[in-house]
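Report on the structure given below.
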Amino acid sequence: MKLIVGLGNPGPEYNFTRHNFGFLALDFYAKIHNLEPWQKPKFHALWLKSGDKIFIKPQTFYNDSGRAVAEFANFYKIPLENILIICDDFNLPFDSFRYRAKGSSGGNNGLKSISEYLHTTDFPRLRLGTGNDKLRQKLGDVDFVLSRFTPEEKSSLPDLLSKIAAEIDRL
């Protein structure tokens, strides 16, 4: 069994924000793979199952994502190496992503929360680049991660999300 976790914030006001890139990636993945609709919350997360994969979108807000991850992992007895966290990273250029089998949070509060609940940093993560230095400098970090993608970025999302979906299948 594998647990695929997209990080984001619940609520329509956060749709298409940089911090919800993990949710967006899972929604896109589910759509192109014709997966069942998201199920009502279980263990503080919207979820769906396909084959040996459980996909979740924690509904506890980004900075407390670890609660849902730990509850799903414990209930289904999913080993750490079979958990994939998909999160945004403003230190990576937009239109890029990076996989790591384990590592630090790099300042990402969602990863910090997951590390606290799992008592380790030894879980895989796929960081999705949201970097836009000009906009980040103008807005500051907090407002930047809660900002929506620019029109130029939004136009390249379908191609980028297709690449991310292929990466999820590869992992």
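Over the stretch 1-142, average the accessible area per residue using a 1.4 Å probe and give it in Å², no decimals. Numbers along the way, then the final one.
Numbers: 6830 Å² over 142 residues.
Ligands and nucleic acids excluded, the figure is 48 Å² per residue.
Tell me, what is the percent relative contact order of the stretch 29-171, built from C-alpha pairs under 8 Å that lie six or more residues apart? Mind showing how you got there, number by number?
Working: 186 pairs, mean separation 31.4, N = 143.
It rounds to 22 percent for the stretch 29-171.
Cross-link pairs exceeding 26 Å in C-alpha to C-alpha distance, out of Lys49/Lys163; Lys2/Lys154; Lys2/Lys31; Lys31/Lys154; Lys31/Lys102; Lys77/Lys154, comprise Lys2/Lys154; Lys31/Lys102; Lys77/Lys154.
Fully extending the segment from Asn63 to Leu171 would add 36.4 nm, taking 0.36 nm per residue of separation and subtracting the current Cα-Cα distance. Counting pairs of Cα atoms in the chain, how many percent are more than 30 Å apart? Summing the P(r) tail past 30 Å for the chain gives 9 percent.
Using a 1.4 Å probe on the protein chains only, how many percent of the accessible area of the chain belongs to carbon and sulfur? Write down the numbers at each step before the final one.
Numbers: 4390 of 8360 Å².
Heavy-atom surface of the chain belonging to carbon and sulfur, 1.4 Å probe: 53 percent.
Spin-label pair Lys102-Tyr76: with each label point 7 Å from Cα along the Cα-Cβ axis, the two points sit 2.2 nm from one another. A helix-only calculation puts the chain at -11500 deg cm²/dmol for mean residue ellipticity at 222 nm, using -39500 (n - 2.57) for each DSSP H run of at least four residues, averaged over all residues.
Quickly rank 130-136, 51-57, 32-38, 102-108 as a protection proxy: mean count of other C-beta atoms within 10 Å, highest first. Could the numbers behind the result be given before it?
Values: 130-136: 16.6, 51-57: 19.4, 32-38: 11.9, 102-108: 14.7.
Descending packing order for the listed peptides: 51-57, 130-136, 102-108, 32-38.
Projecting each Cα onto the charge dipole of the chain (Lys/Arg +1, Asp/Glu -1 at the beta carbon, about the Cα centre), which of Gly107, Leu135, Ala68 comes out farthest on the positive side? In the chain, that residue is Ala68. Volume of the convex hull of the stretch 1-52 (Cα atoms only), normalised per residue: 85 Å³.
Under a 1.4 angstrom probe, counting protein chains only, how are Arg100, Arg127 ranked by accessible area, largest first? Walk me through the numbers before you get to the answer.
Numbers: Arg100 110, Arg127 15 Å².
My answer, sorted largest first, is Arg100, Arg127.
The values are calculated or read from the model by the stated rules, or taken from the named source; none is laboratory data. Predicted model, so just to flag it, every value in this text is computed and none were measured. We place every Cβ from the backbone using ideal geometry, glycine too, and count neighbours over all the protein chains shown. Heads up: the accessible areas ignore ligands, DNA and RNA and are worked out on the full protein's heavy atoms, side chains in. Shrake-Rupley method; radii C 1.70, N 1.55, O 1.52, S 1.80 Å.
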